[in-house]
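Take a look at the structure below.
The values are calculated or read from the model by the stated rules, or taken from the named source; none is laboratory data. Values in this document were obtained by computation on a predicted structure and should not be read as measured data. Please note: Cβ atoms are built from the backbone with ideal geometry, for glycine as well, and neighbour counts cover all protein chains shown. In case anyone asks, the SASA skips ligands and DNA or RNA and just uses the protein heavy atoms, side chains included. Shrake-Rupley method; radii C 1.70, N 1.55, O 1.52, S 1.80 Å.
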Amino acid sequence: MKSVLWIQTGACSGETMALLCAENPSIEQLIRDGSIDMLWHPSLSGPGADLAALIAAIEAGEQSLDILCVEGSIVTGPHGTGMFDSFRKRPKMDIVRALADKAGVVVAMGTCAAFGGIPASGNNPTDSLGLQFDRERQGGLLPFEWRSRAGLPVINVAGCPAHPDTIVRTLALLARDLPLELDGLNRPAEFFSALVHQGCTRNEYHEYDMEDVTLGGRGCMYFNLGCQGPSTQAVCNTTLWNGRSSKTRAGVPCFGCTAPNFPAETDLFKTEKIVDVPVKMPLGVARAQYMAYKNLAKAAAPERVRLRKMEP
């Protein structure tokens, strides 16, 4: 059984909501089957739990900590003090740093904890950053060379919020000491290898270049409406949310929320283009070949595709 402490920093509780929605397995199953011992979670711990005493015991070496989960951006403002986000007058960034040095493994739950996310975008008035990344840049609260007691960097379970099953399956793998390969952004490769485009029910519209220009249609949303599914690595269309749906199935473009530069500082519902060509190509696709193929595909589109007869 692995001891787990889940702490929130500059968070909206999105990862907590996702955690509580996980079904395969659920967080209750992990607790009841003895895989994890949840030392503290802001929504699961009872009124008798004492976070301050628990933090003190871990720092003193009186309580072991196998897995530290951090939800939310690391707030370092104002002026590097971290006092915009404190617990009992102590900056949470200092608490996280101290607990990370005691933990066997540290997991950044969500894009905010991994890369800074929404609080770190734009003018970033709270001077927020991620645990081991600052947006695309290496190094956040912890130096990029930092490693946990288990010899691992911070494991980035990215997403806004992260997919419920990705959160819980990552915890399950860590709890059972199973191998966990990481990609170049320290995300579990098992859950960040496929593209959101894979499994998208609008793929045939995409392949034949049947693109919508307004929301609410049945066509592809890549070319005009900002969809980043062809370049975003996540399981959203191969492991459906709540076993039922995904953003693209519901008619909302993929915003690329598992990437370190999320949110992009552009209109999320508009594809940035140079003349008529998207600036961002599908992952692994060369621009010249893509445009030649798309022109041919549009001319060859069957009637059911041209008339958008297929349900998304």
Next item on the list: Could you tell me the distance between the Cα centroids of segment 28-85 and segment 202-231, to the nearest Å?
Entry: 42 Å
Notebook entry, point to check: Per residue, what volume in Å³ does the Cα convex hull of the chain take up?
Noted result: 139 Å³
Note to self: For the pairs LYS102/LYS247; LYS247/LYS280; LYS92/LYS247, flag any whose C-alpha to C-alpha distance is greater than 27 Å.
What the structure shows: LYS102/LYS247; LYS92/LYS247
Item checked: Sulfur and carbon atoms: percent of accessible area, segment 2-191 [1.4 Å] -> 51 percent
Check: Under a no-solvent Debye model with one identical scatterer per Cα of segment 22-165, what's log10 I(q)/I(0) at q = 0.14 Å⁻¹?
Finding: -0.69
Checklist line | For segment 1-144: accessible area per residue (Å², 1.4 Å) | finding: 42 Å²
Check: For segment 73-126, what is the relative contact order in percent, using Cα pairs closer than 8 Å and at least 6 residues apart in sequence?
Finding: 37 percent
Next item on the list: Rounding to the nearest 20 debye, state how big the charge dipole of the chain is about its Cα centre with +1 on each Lys and Arg Cβ and -1 on each Asp and Glu Cβ.
Entry: 680 debye
Item checked: GNM flexibility winner over the chain from ALA175, ALA49, ALA286 (Cα, springs under 10 Å) -> ALA286
Next item on the list: For SER13 paired with SER193, estimate the spin-label separation in nm (one decimal), with each label point 7 Å from Cα along the Cα-to-Cβ line.
Entry: 3.6 nm
Item checked: Long-range amide H partners of CYS69 with built H, under 5 Å -> LEU5, TRP6, ILE7, VAL107
Next item on the list: Would you mind estimating how fast segment 168-298 diffuses translationally, via Stokes-Einstein at 4 °C and 1.567 mPa s with the Kirkwood radius over Cα pairs, in µm²/s?
Entry: 82 µm²/s
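Mind listing which trypsin sites (Lys or Arg not before Pro) in segment 206-250 are in a DSSP loop and have 10 or fewer other Cβ atoms within 10 Å?
ARG244
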Next item on the list: Highest first, please rank the peptides 26-38, 6-18, 297-309 by the mean number of other Cβ atoms sitting within 10 Å of their residues.
Entry: 6-18, 26-38, 297-309
Checklist line | Loop GluC sites (Glu not before Pro), segment 210-294 (other Cβ atoms within 10 Å of the site Cβ: 13 or fewer; DSSP) | finding: GLU265, GLU272
Margin query: Give me the percent relative contact order of the chain, please, defined on Cα pairs under 8 angstrom at least 6 residues apart.
Written below: 15 percent
